[in-house]
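Q: For reference, the structure I am asking about is given below.
Each value in this text was obtained by applying a stated rule to the coordinates, not by laboratory testing. As the structure is a computational prediction, the values presented were derived from the model and not from experiment. Every residue, glycine among them, receives a Cβ derived from its backbone with ideal geometry; neighbour counts consider all protein chains shown.
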Amino acid sequence: MQEPLLQVEKLDISFGRGKRRVRCADGVSLTVYPGEIVCLVGESGCGKSITALSVMGLLPRQGHTDGGSIRFMGRELIGMPEKQLDTIRGRDMTMIFQDIMYSLNPVLTIGLQLTEGMRRHLGISREEADMRAVSLLEKVGIPEPELTMCKYPHQLSGGQRQRVMIAMSLACDPKLLIADEPTTALDMTVQRQILLLLKQLRNEGMGVLLITHDIGVVAELADRVVVMYAGQCVEEADVHTLLTHPRHPYTQALLAAVPGIDDPKDRRLYAIPGAVPERYDDMQGCRFAPRCPFAEDCGKQPDYTPGKHPVRCERKVKA
């Protein structure tokens, strides 16, 4: 059987100092195989981006991995020396960040930022790196790529900066791409182009962990889907099973809030009552219970054992 490219097991993440720590992810487990797109979905504040940053070893200063394991190509990343981790980041494992406004250096040209990683990790000449950079800009749909190489980030639109970030993440042909809302700020035409590119990369054997709120993107791209709520994985399944037979009430609520092509014009979209709790590290029982229409006696923390279709719910409501 094929070995996982990325394997996260029972990952705990907290923020703070000493005893004044707040848990923001609890027992997160997921895997990504080569040639597979795994979508991580859930509302803002559920812990998706923090999980991705932990995998990259890029948690903010007061962020801590308190337990669990992150294995990439069989190597444990938690506790790995920073210098050793730097040889993996940017080459074998890269990330497209959600906040593009702060992801590019404002005083360096696009060309210099694109070629820096290639020259460092691949050991190629400046001329080779420039040619590769122009090809990458063409690949992500940047018009006049040679001219763009000489521009600074402020001279590009938000959508163009996003595409430059995608090109940077692909510069060294990584084995794993973590993409945090990669189509944000892109118009529908360019968004379609990026989705086709991700499909192509998957077909070429790259593993992709895609963080998104867009169920349409999930339906089109995902092989498997992991749903997160309040710092925990609450359901995981292949994309067809999850979209047609969701078993966790939160997953069902997310799907009910998406408009359908065949919906009657007067159909009112479902809105999940309440909001994701700001503090959930000390919550007892099911964390979704205060918002769940099926909650009865949910004071016990539901089990969640990764498998074919794990569900963090005692009732496991049928779709």
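Q: Within the chain, what's the longest run with no GluC sites (Glu not before Pro) in a DSSP loop and at most 13 other beta-carbon atoms within 10 Å? Give the range, please. Numbers along the way, then the final one.
A: Values: sites that count: E204, E278, E296.
Result for the longest clean stretch: 1-203.
Q: Related question: If I build a Gaussian network model for the chain, linking alpha-carbon pairs within less than 10 angstrom, which residue out of C24, C150, C292 has the largest mean-square fluctuation?
A: With Cα springs under 10 Å in the chain, the top fluctuation among C24, C150, C292 is at C150.
Q: Calculate the spin-label point distance for Q301 paired with E43, positioning each point 7 Å from the Cα along the beta-carbon direction, and give it in nanometres.
A: Placing both labels 7 Å along Cα→Cβ, they lie 2.2 nm apart.
Q: Given the rule -39500 (n - 2.57) for each run of at least 4 DSSP H residues, summed and divided by the residues of the chain, what is its mean residue ellipticity at 222 nm, to the nearest 500 deg cm²/dmol? Don't skip to the answer; put the middle values down first.
A: On the way: 10 runs with 96 residues, N = 319.
Counting only the DSSP helices, I get -8500 deg cm²/dmol.
Q: If each of Q193 and Q284 carries a label point 7 Å out from its Cα toward its Cβ, how far apart are those two points in nm?
A: Here the modelled spin labels are 5.6 nm apart.
Q: Another question, then. Taking +1 at the Cβ of each Lys and Arg and -1 at the Cβ of each Asp and Glu, which of C150, L210, V140 sits farthest along the dipole of the chain towards its positive end, judged by Cα position relative to the Cα centre?
A: Of the listed residues, the answer is L210.
Q: Once amide H atoms are placed 1.01 Å from N in the peptide plane, what residues at a sequence separation of 5 or more from D173, or on another chain, have their amide H within under 5 Å of its amide H?
A: Excluding prolines and chain starts, which carry no amide H, there are no hits.
Q: Let me ask something else. Can you tell me the dipole magnitude for the chain around its Cα centre, using point charges on the Cβ only (Lys, Arg +1; Asp, Glu -1), in Debye to the nearest 20?
A: The dipole magnitude comes to about 600 debye.
Q: Still on this structure: Using Cα positions and a limit of under 15 Å, work out the aspartates and glutamates in reach of K308, with same-chain residues fewer than 8 apart set aside.
A: D223, E235, E236, D238
Q: Take the Cβ-Cβ distance between T109 and E82 as r, set R0 to 30 Å, and report the resulting FRET efficiency rounded to the nearest 0.05. Kindly include the intermediate steps, with their values, before the conclusion.
A: On the way: r = 28 Å, r/R0 = 0.92.
It comes out at approximately 0.65.
Q: Is the stretch 85-164 rounded, prolate or oblate when judged by the Cα gyration tensor, a ≥ b ≥ c being the square roots of its eigenvalues, rounded requiring a/c under 1.5 and prolate requiring a/b larger than b/c? Before the final figure, lay out the partial values.
A: Values: a/c = 1.72, a/b = 1.19, b/c = 1.44.
Here the stretch 85-164 falls in the oblate category.
Q: Here's something else I'd like to know. Specify which labelled value, from (1) 37, 27, 19; (2) 69, 18, 15; (3) 35, 24, 18, agrees with semi-axes √(5λ) of the Cα gyration tensor in Å derived from the coordinates of the model shown.
A: Evaluating semi-axes √(5λ) of the Cα gyration tensor in Å on these atoms matches (3).
Q: If the rule is a partner Cβ under 4.7 Å, which cysteines in the chain fail it?
A: C24, C39, C46, C150, C172, C233, C292, C313
Q: Here is a further query. Find how much the distance from H245 to H154 grows on full extension, using 0.36 nm per residue of separation minus their present alpha carbon separation; answer in nm with one decimal. Write out the running numbers ahead of the final one.
A: Values: separation 91, 0.36 × 91 = 32.76 nm, distance 4.56 nm.
Separation in residues times 0.36 nm, less the Cα-Cα distance, equals 28.2 nm.
Q: To continue, here is another question. When only Cα pairs under 8 Å and 6 or more residues apart are kept, what is the percent relative contact order across the chain? Numbers along the way, then the final one.
A: Details: 573 pairs, mean separation 69.3, N = 319.
22 percent.
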